[in-house]
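Nothing in this text is a laboratory measurement; each read-out follows from the coordinates by a stated rule. Predicted, not measured: the structure shown is a model, and the values here were computed from it. Cβ: placed from backbone, ideal geometry, glycine included. Neighbour counts: every protein chain shown.
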Amino acid sequence: MANPDFSAILNRQSSEVERPKAMPIGSYIWAITGLPRYDKSAKKGTPFVEFACKPLQAVEVDAEDLEAALQKKDGSNKLLGDMQQKLTFYLTEDALWRLKKFLVTDLQIEEEEKTLQQMIDESVGCQFIGTIGHDPTQDGEGVYAQIKQTAPTE
């Protein structure tokens, strides 16, 4: 995209724009939606792998909080699956065990005679239980949701 066209999004009425609501604290069943993104952190340049995750079902979540989070400004509701999250694992010697635990224990990918890269390639469509927690935004005016813990679905 040499010349991206932002007119569709910028031609919306300002009254239609609202700050996204954070996904409620609790446990959900998630699915990996595609191959992950590889990059480096902005501050220290630490390499990481980032999985795109789609919630399939709320497991232990306050029903009223979830209903409020899914409600749009116009009163309609968005789908739970519209509230996607990213799950990041840093690729350092001391942190690599977390990625292995996620792939082998939580996603239940067979590890025999496979590299971590091969297991990552097999992760698309795999499901796990992820627990959402909240962290304050940098401006201190809100919170953002983040998958804090993972576990197998069985």
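Remarks
- Net charge contributed by nearby residues that have their C-beta within less than 11 Å of I109 (K/R +1, D/E -1): -4
- Relative protection proxy for 72-78, 31-37, 93-99, from highest mean packing down: 31-37, 93-99, 72-78 (other beta-carbon atoms within 10 angstrom).
- Just checking the listed ones, A58, A69, A42: in the Gaussian network model of the chain with Cα springs under 10 Å, the one fluctuating most is A42.
- The alpha carbon gyration tensor of the chain gives principal lengths a ≥ b ≥ c with a/c of 1.5 or higher and a/b greater than b/c, which makes the shape prolate.
- Near G26, once Lys and Arg are set to +1 and Asp and Glu to -1 for all other residues with Cβ below 9 Å from its Cβ, the sum equals -3.
- As a length-normalised measure over Cα pairs under 8 Å and 6 or more apart, the relative contact order of the stretch 28-151 settles at 28 percent.
- Helical content alone sets the calculated 222 nm signal of the chain at -3500 deg cm²/dmol, taking -39,500 (n - 2.57) per DSSP H segment of four or more residues and averaging over every residue.
- Prolate/oblate/rounded call for the stretch 1-91, Cα gyration tensor, a/c under 1.5 rounded: oblate
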